[in-house]
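In what follows, a single structure is set out as structure tokens and then discussed.
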Amino acid sequence: MRSTPVARLVAASATLALLAACTAEGPKPDPTPPAPCPPSGVTLRTGDVEAASGLRAMRVKLVNCGSQPYTANGYPTLTVLDADRKPLDIDVLQGTAQISTITGFDGPPQPVTLAPGTEASAVVVWRNTVTEATVPAATGTYLEMAPATGQPTQTLSPDGGVDLGTTGKIATSPWVATP
């Protein structure tokens with residue numbers, strides 16, 4: 001039996017309808033609710049670790065999740081922790097220029113006032129350089145950070161960790177307004 005163009009069109013339409021029904025997504029789950037805002041009214045979030053020729057740079061965002069303006073001024077505090085959450089014995093420097101110049105983050109600290117829902121950024125930099133074969137390379141798993149000295153810390157998990165080699169130092173920029 002020969003099929004007519006109309007019969008082929010009806011068969012093709014029915015096939016497409018069946019395929020669409022088989023591949024249609026079911027009900028979507030509710031999205032994961034955001035983490036609660038800490039009592040400080042701000043939360044810290046890590047960005048990707050950018051790596052090039054041993055230099056590592058990672059942006060950290062300070063987000064005002066509260067309902068009042070928040071002023072960041074100066075440098076975040078920083079402690080690098082190992083996998084057991086014990087501090088590494090390293091130097092934490094204020095100013096990225098001591099490790100590498102990071103355009104837009106090398107100036108002196110300036111107050112940055114954040115309206116609710118806005119953010120500021122700082123950059124954390126280090127080098128994965130091994131200069132002494134007899135010294136074990138240091139690798140951190142977590143960063144314990146606070147927006148400033150004396151403020152509550154938050155524990156962050158940078159993707160890939162913090163591979164310091166034998167340099168024994170890490171640096172942070174001051175907070176700057178995020179455009």
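Of the residues that sit in segment 50-64 and are farther than 14 Å from ALA122 by Cβ and open to solvent by less than 50 Å² (accessible area, probe 1.4 Å), which one is farthest from the chain's Cα centre (by Cα)? So the residue we want is GLY54. Out of PRO108, PRO116, PRO136, PRO158, one residue alone is surrounded by 15 or more Cβ atoms within 10 Å (Cβ to Cβ), in a loop (DSSP other than H, G, I, E, B) and of a type outside the set (Val, Ile, Thr). It is PRO158. Checking each residue of segment 123-131 against the condition of being part of a loop (DSSP other than H, G, I, E, B), at pLDDT 90 or above and open to solvent by 20 Å² or more (accessible area, probe 1.4 Å) gives at least one match. Of the numbered criteria (1) modelled with pLDDT of 95 or more; (2) open to solvent by 20 Å² or more (accessible area, probe 1.4 Å); (3) touching a helix residue (DSSP H, G or I) at 6+ places or on another chain (Cβ under 7 Å); (4) hydrophobic (A, V, I, L, M, F, W, C), the one ILE102 fails is (1). Of all residues in segment 38-55, exactly one satisfies the criterion of being over 18 Å from ALA146 (Cβ atoms) and either touching a Gly at 6+ places or on another chain (Cβ under 6 Å) or modelled with pLDDT of 95 or more (or both), namely VAL49. Against the test of being open to solvent by 60 Å² or more (accessible area, probe 1.4 Å), closer than 18 Å to ILE170 by Cα and among the small types (Gly, Ala, Ser), the options ALA97, ALA146 yield a single qualifying residue, ALA97.
The values are calculated or read from the model by the stated rules, or taken from the named source; none is laboratory data. All values reported here derive from a predicted model rather than from experimental measurement. Glycine gets a Cβ as well: all are built from the backbone with ideal geometry, and neighbour counts include every protein chain shown. Side chains included, ligands, DNA and RNA excluded: accessible areas come from the protein's heavy atoms. Shrake-Rupley method; radii C 1.70, N 1.55, O 1.52, S 1.80 Å.
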